[in-house]
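Down below is the structure, laid out as structure tokens.
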Amino acid sequence: MAVAALALSGVPGVGYAELVPIFVVPTESRVAAPVAAGEPLRVELHGHDIGALARALGVADPGPGATHLDYTLRQYPGIATASERSWLEPTFVIDFDQPAVASLYDELRQSGAGPYSREQLAQFVARVVDEAPGRGWDVASRVATRRDGDCTEHAVLLTALARRSGIPARVVLGVAIVQVNGGYATYGHAWSELREDGRWVVADASLTGLEAPVRYLPLGVLEQEGPGFFVSAAAFMQRWVKRVVVVGAAT
Amino acid sequence: MLRSSLSALFMFAALSPAVDAQEPAWLAEARARESGTMKARTIESGDDGFRATVPARLSGKVEVADDSYSMTLDIGSESPVQCEVIRGGFDPANLLRAAADITFAEVEPIHGKIEKKAVERIDAGVVGHSPLLEIDWIYRANDGSGPRLGAIKQAAAQKGGHGIYCAHIELGYSQTFRNVVRSLVESLQMPDAEGHGEAYFFELETMRTNDMNVGVSMIRLVRDEDGDTKATTLSSMLLPAGEGTVQAQDSYTTEWLRPDGSLINAAHVEIRNGEIESNLRLTEQDDGQWWVEGEHMGKALEQSIAADVAPASLVQQAWQRRELLDAEDPVGRQLTGKVWLSADPTRFSDWHARVTGVVGAGEYSAQETVAGLVFDTVLETSTGLPVRFSMPLGPMTLTAQRAAVHGHF
């Protein structure tokens, strides 16, 4: 498949359209100016199944015929899970018992003894895992070996390292609403949650260093971490957000 | 199709910058260029192994190698179209992704650093009974004298067990390129090509996310001399991943079936982004236990599956649906069963179908649930197969639509 000849057309400085990646959630902003980071943000969440979306977020179901769910993003919302577990054990996906993850954990320890804060863990993972869009979804030992990936790989590895260091941790799927260019953009996203002082907090290696304010909306916890984790994650992705309208600040 | 297309959709990524969609007039003009009507010409290899008719002029000869024929086709543009026919076929989605990487690497020394590249178009469809995947790229190269734009158009098809790959590296000539590719696929004759004659049933489907065709899927049923059936499902899919990248997935599921449709054994191979994602075998042991072994997501897997019943094969699922639809008023009727999903290989997953309405002559709407995943389908009474299905997934909806069918079972 050699390149026998090439033809370029040239005028510098022009742009062109790229196909929108499938994880981009169409977002409409109805605010004149972005709402300050940390302030409650009112959004309309349009989805395939509004009732299921309401249940996932732990709010009242607006009932049959509802076209969207009115929701106010305040502090980071918690997600209830069906299973009672420690979130400390090695699993097929979070396989911190594998040599590749153990070796990476040793590398982390060289930077200083634990306990590690979520910021330390996120920065370490951000440093060792190169950004590579479209990896799919690798298990932690594969991420530790390849050292590249997108948000799912960052989340899986961070969760594995946290558990290895004794911190309860889990992978969460949801959307990230990002303040960009005076408006908002929404992306399907994965991140880690670490248990701190009895509550789950965000640890996100893939957005480390992003200066734009990010609001996280968790829609489901990866509870099934066995070989069939794809399928169980897909089942709750059917109750996903397919369009977001940013309405404004909450009064 | 329904099974193998699931895992490709689990693609998240970190944030990618917005790309300017404004396009100047000169670029629109460059893109709009096409060749005039080109005379159809027959091209042949010297070894009588290859013959096709295309609206282009062959430059030089068809080059013959052990496993391929390659040719340079003049379409009246500055750059020619390059095509290869590869014996034994290839993984279409992964080939397109890998060939793009090679082409970009070859472009850089000639035209300077690739400053930016983007996927502009993905399309999937069928030409006759051949699946076809296409992808168009645009890129900005800079050799130090200033940035310039270029484009790569690629197409990959499968016919008669062989693979056909074409590429054109120039802005514009899109329709001209597509005409050449389609003509090549339609007219390709190779004496050792597998015919559809050996398959007693054959179906092709296209897969679509929202407004873009992203994949193709093919089912073939072939009977061996003992009366057993080899049921093969091939799926190929390309998905834009942002930042000038694409996710490629090809999967192959093979089921060996007894004449009564029951499963003897199964195998599944999935290649994603050039790596084997899954390579699994499902077998029934002498004691009736089912056993799965192989590699799944980079890990060895070897275990028995606790189950009271055997999983329903592709053919058995179709027959059960046919029986369901055969009632005087099937609306409201339902069935349940177990299936083996390569995406959840260590157990048999629950399968449930419920007929929800009448669509038209010989077609009913139904809702099917597999391992908790819900699909809206249109079922055909004559085959018991879905002629269309859709499922919401993340912000998008995945649909699949039958594009061609041949034979019966």
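Summary table below
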{"read-out": "Leading residue by the ranking (nearest to the chain's Cα centre (by Cα)) among those in the stretch B:227-242 that are away from chain A (no Cβ under 14 Å) and in a strand (DSSP E or B)", "value": "B:S236"}
{"read-out": "Within the stretch A:74-104, tally of residues that are surrounded by fewer than 19 Cβ atoms within 10 Å (Cβ to Cβ), away from chain B (no Cβ under 14 Å) and more than 22 Å from A:F230 (Cα to Cα)", "value": "7"}
{"read-out": "Scan of the stretch A:192-229 for residues that are among the hydrophobic types (A, V, I, L, M, F, W, C), farther than 22 Å from A:V59 by Cα and at pLDDT 90 or above, ordered by number", "value": "A:L194, A:A203, A:A205, A:L207, A:F229"}
{"read-out": "Answer from B:T253, B:T283, B:T245, B:T346 - the residue that is away from chain A (no Cβ under 12 Å), of a type in the set (S, T, Y) and more than 26 Å from B:G407 (Cα to Cα)", "value": "B:T283"}
{"read-out": "Residue that is nearest to the other protein chains (Cβ to nearest Cβ) [pool: residues in the stretch A:184-226 that are part of a strand (DSSP E or B) and acidic (D, E)]", "value": "A:E193"}
{"read-out": "Residue that is farthest from A:V175 (Cα to Cα) [pool: residues in the stretch A:196-210 that are among the acidic types (D, E) and in contact with a helix residue (DSSP H, G or I) (Cβ under 8 Å, 6 or more places away or on another chain)]", "value": "A:E196"}
{"read-out": "Residue match in the stretch A:172-184 (condition: over 16 Å from the mean Cα position of the chain (by Cα), surrounded by 23 or more Cβ atoms within 10 Å (Cβ to Cβ) and of a type outside the set (S, T, N, Q))", "value": "yes"}
{"read-out": "Filtered residues of the stretch B:255-269 (kept if free of Cβ contacts under 8 Å to residues at least 24 places away in the same chain and within 18 Å of B:R321 (Cα to Cα))", "value": "B:D260"}
{"read-out": "Which numbered condition B:L398 misses (of (1) crowded, with 18+ Cβ neighbours inside 10 Å; (2) touching a Phe, Trp or Tyr at 6+ places or on another chain (Cβ under 8 Å); (3) under 30 Å from A:V244 (Cα atoms); (4) of a type outside the set (V, I, T))", "value": "(2)"}
{"read-out": "Strands (runs of 3 or more DSSP E) (entirely within the stretch B:248-307) containing at least 3 residues that are under 26 Å from the mean Cα position of the chain (by Cα)", "value": "B:263-272, B:275-284, B:290-296"}
{"read-out": "The lone exception for B:T254 - which of (1) in contact with a Pro (Cβ under 9 Å, 6 or more places away or on another chain); (2) under 26 Å from B:F202 (Cβ atoms) it fails", "value": "(1)"}
{"read-out": "Any chance A:E193 is surrounded by fewer than 24 Cβ atoms within 10 Å (Cβ to Cβ), of a type in the set (D, E) and out of contact with any Leu (no Cβ under 8 Å at 6 or more places or on another chain)", "value": "no"}
{"read-out": "Neighbours by Cβ (under 7 Å, 6+ apart or cross-chain): first from the stretch B:198-224, without any contact (Cβ under 8 Å) to a residue 60 or more places away in the chain and assigned to a strand (DSSP E or B); second among the charged types (D, E, K, R) and surrounded by fewer than 21 Cβ atoms within 10 Å (Cβ to Cβ)", "value": "B:V222/B:E198; B:V222/B:K230"}
{"read-out": "Flag if A:A185 is touching a Ser or Thr at 6+ places or on another chain (Cβ under 7 Å) and at pLDDT below 95", "value": "yes"}
{"read-out": "Hits in the stretch A:149-170 - residues which are outside any helix (DSSP H, G or I) and within 11 Å of chain B (Cβ to nearest Cβ)", "value": "A:G149, A:D150"}
{"read-out": "Number of positions in the stretch A:60-76 that are in a loop (DSSP other than H, G, I, E, B) and more than 21 Å from the chain's Cα centre (by Cα)", "value": "9"}
{"read-out": "Any hit, the stretch B:300-307, residues being among the charged types (D, E, K, R), within 30 Å of A:R142 (Cβ to Cβ), touching an Asp or Glu at 6+ places or on another chain (Cβ under 7 Å) and free of Cβ contacts under 8 Å to residues at least 12 places away in the same chain", "value": "yes"}
{"read-out": "So A:G134, is it within 14 Å of chain B (Cβ to nearest Cβ) and in contact with a Lys or Arg (Cβ under 8 Å, 6 or more places away or on another chain)", "value": "no"}
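The values are calculated or read from the model by the stated rules, or taken from the named source; none is laboratory data. Owing to the predicted nature of the structure, the values given are computational and were not obtained by experimental measurement. Backbone-built Cβ (ideal geometry, glycine too); neighbour counts: all protein chains shown.
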